[in-house]
1. Does residue 144 fit the bill of being closer than 16 Å to residue 35 by Cβ, touching a helix residue (DSSP H, G or I) at 6+ places or on another chain (Cβ under 8 Å) and either assigned to a helix (DSSP H, G or I) or touching a residue at least 40 places away in the same chain (Cβ under 8 Å) (or both)?
2. For residue 149, which of the numbered conditions (1) assigned to a loop (DSSP other than H, G, I, E, B); (2) touching a helix residue (DSSP H, G or I) at 6+ places or on another chain (Cβ under 8 Å) fails to hold?
3. Condition first: in contact with a strand residue (DSSP E or B) (Cβ under 7 Å, 6 or more places away or on another chain) and surrounded by fewer than 20 Cβ atoms within 10 Å (Cβ to Cβ). Now tell me which residues in segment 137-155 satisfy that.
4. Tell me which of these residue 20 doesn't satisfy, since it passes every other one: (1) under 15 Å from residue 172 (Cβ atoms); (2) surrounded by fewer than 13 Cβ atoms within 10 Å (Cβ to Cβ).
5. Based on this model, can you work out whether residue 12 counts as outside any loop (DSSP other than H, G, I, E, B), free of Cβ contacts under 8 Å to residues at least 12 places away in the same chain and closer than 18 Å to residue 195 by Cβ?
6. So, in segment 3-17, exactly how many residues are at pLDDT 90 or above and loosely packed, with under 13 Cβ neighbours inside 10 Å?
7. Could we say that residue 31 is surrounded by 12 or more Cβ atoms within 10 Å (Cβ to Cβ) and part of a helix (DSSP H, G or I) here?
8. Scan segment 152-171 residue by residue and report those that are assigned to a helix (DSSP H, G or I) and under 24 Å from residue 122 (Cβ atoms).
């Protein structure tokens, strides 16, 4: 169990439950499995994670209890329309301080610095509902996008990270906060795809958060870059025209909620 001195006060109940649930298992692998469980929990169609975890752990009760505690934690921390909270990322950092691990080993930008950075980048309330595209090529747990969304909801958010745990945490955070967009596990420098998710496509239609798996050809972020790369002139080849109808910009089909945040209860 993590010492209470390294766990923020609001996370101590979650930490106590997590320590009970992960007893007998590798804590980093257990956390990774929990994040995968959360990701599939928002999927309209399962992709086999539940079945794998049930076979590995015997049942899913421990993950269900942790999910309930996480949702209650998020609800208690988001009080006003402009609040956001990264419970997963905060606890990930606590586990990182527990010791070195092959799976865990990152620290993220502090919340107040994220709020400052998005304002320095020009984010303001006047951008609410403008359907602007916001991109973070090294998203961590998605904090910069959460900060942007809390201040100016109603835009499209595109997140990428090389770490699969971070990509999944970002997808879950986006789903919980009502962000629309994509969370992709990829190398942003080499532009190499691993896997990706479309987040909250169904939110304007059904009013509930969703995470759906996508392939590179389904990704607006990945596809638009590849299209631009194809348009770069090659002196050794004849000039080519722009491909027609390849990657379409996402179309908004619903109105932004009054406060822009997803209401959990």
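The values are calculated or read from the model by the stated rules, or taken from the named source; none is laboratory data. What you see is a predicted model; the values in this text were computed from it and never measured. Glycine gets a Cβ as well: all are built from the backbone with ideal geometry, and neighbour counts include every protein chain shown.
1. Details: closer than 16 Å to residue 35 by Cβ: no; touching a helix residue (DSSP H, G or I) at 6+ places or on another chain (Cβ under 8 Å): yes; either assigned to a helix (DSSP H, G or I) or touching a residue at least 40 places away in the same chain (Cβ under 8 Å) (or both): yes.
Considered against the rule, which asks whether it is closer than 16 Å to residue 35 by Cβ, touching a helix residue (DSSP H, G or I) at 6+ places or on another chain (Cβ under 8 Å) and either assigned to a helix (DSSP H, G or I) or touching a residue at least 40 places away in the same chain (Cβ under 8 Å) (or both), residue 144 comes out as no.
2. (1)
3. The first filter runs over segment 137-155 and keeps only residues in contact with a strand residue (DSSP E or B) (Cβ under 7 Å, 6 or more places away or on another chain), leaving 137-140, 142, 144-145, 148-149, 155.
If the condition is that a residue be in contact with a strand residue (DSSP E or B) (Cβ under 7 Å, 6 or more places away or on another chain) and surrounded by fewer than 20 Cβ atoms within 10 Å (Cβ to Cβ), then 137, 138 are the ones that fit.
4. (1)
5. On the way: outside any loop (DSSP other than H, G, I, E, B): yes; free of Cβ contacts under 8 Å to residues at least 12 places away in the same chain: yes; closer than 18 Å to residue 195 by Cβ: no.
Considered against the rule, which asks whether it is outside any loop (DSSP other than H, G, I, E, B), free of Cβ contacts under 8 Å to residues at least 12 places away in the same chain and closer than 18 Å to residue 195 by Cβ, residue 12 comes out as no.
6. The qualifying residues number 2.
7. Details: surrounded by 12 or more Cβ atoms within 10 Å (Cβ to Cβ): yes; part of a helix (DSSP H, G or I): yes.
Yes, satisfied.
8. Pass one, segment 152-171, residues assigned to a helix (DSSP H, G or I): 164-171.
Scanning segment 152-171 gives a single hit, 170.
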